[in-house]
Amino acid sequence: MAYITCKDLSLGYDGQVISEKINFDVKKGDYLCIVGENGAGKSTLMKTLLHLIEPISGSIEYGDDISLTQIGYLPQQTQIQKDFPASVKEIVLSGTISAGTFKPFYSSSDKEKALKNMERMDILDLKNKSYRSLSGGQQQRVLLARALCATEKMLILDEPVTGLDPKVTAEFYRLIKQLNKEGLTVIMVSHDLQAAINYATHILHVGKIQQFFGPTEDYLESCAFRKFSGFGGEE
């Protein structure tokens, strides 16, 4: 059974549909990139998968022993979040707190997990630094380490390279692909169609209605890709 199966989803806010007829599934080990034009509902879909908002209609089923508390999430950053006055270690540790739970203190296993993921992201030497003093690329590695503290199964990322320079962007994409090769299932909204094609195993192309879902190699042969690659507009 798939980790996530979406059937006939309609997405939107206050009853207003942004995108509909969305059908796809995500299996263990997949790397799914979600692409589409501006306003197509890509970020709305991410929030819907995480139950931050509810679908207008349709269903989302979770299987293979995965739950919402086992999904790591890296949302788009706001300027306020970039200036958050906490240390790197404090932010990464907060990823060990499951939704709906409260910890008066962190356990030794929590601290070990945080250290492991800081080392994994090559930011261990920054653990006592102020988060807001870091570069954009370093901040994204911190947030990724935080998300990894919440999961060993699935990572959801919403346009994680926005505002990063090309070199840091390329490094970040390679890092995500390596995590996928190590067994982590990835769902990522991307504004970079070329990166989606280069790294993803599957593509979901959304619009007012779903344009495509399937393996990346099939997407390259699709009408959706031919039309969209010539346009280049993204959310």
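Before moving on, here are some points about what is shown:
- Each peptide in 157-163, 139-145, 183-189 was scored by the mean count of other Cβ atoms within 10 Å over its residues; highest first, the order is 139-145, 183-189, 157-163.
- Taking the charge dipole of the chain about its Cα centre, with +1 at Lys and Arg Cβ atoms and -1 at Asp and Glu Cβ atoms, the residue from 107, 143, 60 reaching farthest to the positive side is 107.
- Of the residues 113, 167, 42, the one with the fewest other Cβ atoms within 10 Å heads the list, and the complete ranking is 167, 113, 42.
- Each of (i) 49, 41, 37; (ii) 61, 37, 33; (iii) 50, 37, 34 is a candidate for Cα extents along the principal axes in Å; the one calculated from this structure is (iii).
- Modelled spin-label separation between residue 201 and residue 167, with each label point placed 7 Å from Cα along the Cα-to-Cβ direction: 3.3 nm.
- Computed E for residue 209/residue 65 - FRET, C-beta separation, R0 45 angstrom, nearest 0.05: 0.90
- Computed from point charges on the beta carbon alone (+1 for Lys and Arg, -1 for Asp and Glu), the dipole magnitude for segment 85-151 about its Cα centre is near 80 Debye.
- Order of 226, 120 under a 10 Å beta carbon neighbour criterion, fewest first: 226, 120
- Dipole magnitude for the chain: computed about the Cα centre from +1 point charges on Lys and Arg Cβ and -1 point charges on Asp and Glu Cβ, it is near 620 debye.
- 69, 201 arranged by Cβ crowding within 10 Å, fewest neighbours leading: 69, 201
None of the figures in this text is laboratory data; all of them are computed from the coordinates on show. This one's a predicted model, so the numbers in the text were calculated from it and none came from an experiment. A quick note on method: Cβ atoms are made from the backbone with ideal geometry, for glycine too, and the neighbour counts reach across all protein chains shown.
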